[in-house]
1. Quick check: net charge around Ile99, other residues with Cβ under 10 Å of its Cβ, Lys/Arg +1 and Asp/Glu -1?
2. Can you tell me the relative contact order of the range 126-199? Whole percent, Cα pairs under 8 Å, sequence separation 6 or more.
3. With the other protein chains left in place, how much accessible area per residue, in square angstrom, belongs to the range 146-198 at a 1.4 angstrom probe?
4. Leaving out ligands, DNA and RNA, and with a 1.4 Å probe, what % of the accessible surface on the chain is carbon or sulfur?
5. Could you list log10 I(q)/I(0) for the range 90-201 at q = 0.11 Å⁻¹, which the Debye formula gives when each Cα is one point scatterer?
6. Per-residue HN-Hα couplings for the range 150-156, Karplus 6.51 cos²θ - 1.76 cosθ + 1.60 at θ = phi - 60°, whole Hz, x for Gly and Pro?
7. Considering only Ile99, Ile140, Ile129, give the residue with the highest GNM mean-square fluctuation for the chain, with springs between Cα atoms whenever their separation is below 10 Å.
8. Run the dipole for the chain about the Cα centre, Lys and Arg Cβ at +1, Asp and Glu Cβ at -1, nothing else charged, and hand back the magnitude in debye, nearest 20.
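The values are calculated or read from the model by the stated rules, or taken from the named source; none is laboratory data. Fair warning: this is a prediction, and the values are worked out from it, not measured in the lab. A quick note on method: Cβ atoms are made from the backbone with ideal geometry, for glycine too, and the neighbour counts reach across all protein chains shown. Just so you know, the surface numbers come from the protein's heavy atoms only, side chains and all, with ligands and any DNA or RNA stripped out. Shrake-Rupley method; radii C 1.70, N 1.55, O 1.52, S 1.80 Å.
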Amino acid sequence: MARYTGPKTKISRIFGEPILGNGKWLSKNSNPPGIHGAQRKRKQLGEYALQLKEKQKAKYTYGLLEKQFRNTFTEAARRKGVTGENLIKLLEARLDNTIFRLGIAPSRPAARQLVSHKHVTVNGEVVNIPSFQLKPGDIIGLKEKSSVNTAVTSAIRGKNQKFSWLDWNEAELRGTFIAYPERESVPENIKEQLIVELYSK
């Protein structure tokens with residue numbers, strides 16, 4: 001299964017924000033990576049460089065590689081509505097991202113692992129595809145054996161209240177994907193219009 005396995009702090013230092021989870025190291029060293037990172041002058045990026053950087057940020061944030069991200073963008077462009085907003089909606093509707101948003105896993109990589117190890121069900125059926133696209137009304141839960149596995153349940157922290165497009169039932173360890181989120185509700189600092197401009201070249 002294709003996924004990024006390189007150094008996370010290095011990626012966070014490239015973008016200057018903790019896009020891959022814990023950002024505690026950024027407070028110690030926020031310079032760009034590399035031996036000359038501290039001395040390197042921050043030159044003004046050109047239009048293409050800004051667009052490319054934004055696409056890379058989105059890819060690393062949601063854990064996609066190039067081909068998968070391109071396919072997601074193609075689907076977003078095919079749908080009715082604003083392409084950039086459709087792209088964010090499709091990324092948020094991924095099963096691994098929703099597991100993370102529901103608080104079942106502490107990070108997106110951890111959520112991806114839960115899904116690929118067959119701990120997660122959608123509408124009662126086991127799904128082991130992290131990129132599985134959820135639809136409004138889908139119910140996400142843990143497999144019966146997994147729901148009593150302390151190694152799995154100990155990481156559950158519960159849904160953040162600001163994610164209004166999701167519902168979480170703590171007693172049943174079950175969540176519902178209510179609707180696709182509106183762009184202003186998604187907290188990720190991604191300028192999706194720059195990605196649309198990049199792919200429109």
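1. +3
2. 33
3. Per-residue accessible area for the range 146-198 comes out at 58 Å².
4. Result for the chain: 50 percent of the exposed heavy-atom area is carbon or sulfur.
5. Calculated log10 I(q)/I(0) at the listed q: -0.35.
6. 5, 5, 8, 6, 5, 8, 6
7. With Cα springs under 10 Å in the chain, the top fluctuation among Ile99, Ile140, Ile129 is at Ile129.
8. Numbers: 35 positive and 19 negative charges, 198 e Å.
For this selection, approximately 960 debye.
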